[in-house]
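Sharing a structure, written as structure tokens. Questions coming.
The values are calculated or read from the model by the stated rules, or taken from the named source; none is laboratory data. These figures come from a predicted structure and were not determined experimentally. Backbone-built Cβ (ideal geometry, glycine too); neighbour counts: all protein chains shown. Just so you know, the surface numbers come from the protein's heavy atoms only, side chains and all, with ligands and any DNA or RNA stripped out. Shrake-Rupley method; radii C 1.70, N 1.55, O 1.52, S 1.80 Å.
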Amino acid sequence: MYIRGSVQGYPVLFTTDTGASKTVLSKIVFDAMRPEDKPALGKSSRLMGAGDSTINEIGKGKFKFQLGPVRMHVDAIVAEIDDDGLLGGDVLQNAEDGPTDPLMSRGVLKVRGEAVPIIQVGLKTKNAKLQQLITRSYRPKVRL
């Protein structure tokens, strides 16, 4: 599942990743921000990718995220990843307000009681118009 959103007001296409314990922001997205929009980064914990591969991380900071109508402050790690951003278990499962609730049949993720539209890749449907909309709305990279 993918979610269109923003970080510090910059557009981002988030990949939801319940297997990731932390939320991660791409170094490319971070570097594209104006200096005054970047939060200070501190030391972060060591990130491990699939197959225990090491991920080069830059640091950790508190960012303003927006997912649909929901605004939140998120401690995110800036790292060299291919996605714009990964929403990890800290946001999807362990948030202060409780876990998010995916409602796949409605194409939304409930976050803090609000419906946030999701993009479901690989969804097979008999409705040709819906399938076309899903395919057209998927964009693997959002460039700033």
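Kindly indicate the residue of region 62-101 that is closer than 18 Å to ILE28 by Cβ and of a type in the set (Asp, Glu) and also most open to solvent (accessible area, probe 1.4 Å) among those meeting that condition.
Here the answer is ASP82.
Same structure, new question: How many residues, within region 108-122, are in a strand (DSSP E or B), open to solvent by 70 Å² or more (accessible area, probe 1.4 Å) and either in contact with a Ser or Thr (Cβ under 6 Å, 6 or more places away or on another chain) or farther than 14 Å from LEU67 by Cα (or both)?
Adding up the residues that qualify gives 0.
Another question, then. Checking SER105 against (1) outside any helix (DSSP H, G or I); (2) modelled with pLDDT of 75 or more; (3) over 16 Å from VAL24 (Cβ atoms), which test does it fail?
If we test SER105 against (1) outside any helix (DSSP H, G or I); (2) modelled with pLDDT of 75 or more; (3) over 16 Å from VAL24 (Cβ atoms), just (1) comes out false.
Within region 1-14, is there a residue that is surrounded by 13 or more Cβ atoms within 10 Å (Cβ to Cβ), part of a loop (DSSP other than H, G, I, E, B) and modelled with pLDDT of 90 or more?
yes
Here's another thing I want to ask about it. Answer yes or no: is there a residue in region 7-25 that is more than 25 Å from ALA115 (Cβ to Cβ) and out of contact with any Gly (no Cβ under 6 Å at 6 or more places or on another chain).
No, region 7-25 has no match at all.
Let me ask you something else. How many residues, within region 1-42, are closer than 18 Å to ILE77 by Cβ, under 17 Å from the mean Cα position of the chain (by Cα) and of a type in the set (Lys, Arg)?
2
Then there is this: I want to confirm something. Restricting to region 15-27 and keeping residues that are open to solvent by 30 Å² or more (accessible area, probe 1.4 Å) and closer than 17 Å to LYS64 by Cα, which single residue is modelled with the highest pLDDT?
The residue in question is LYS27.
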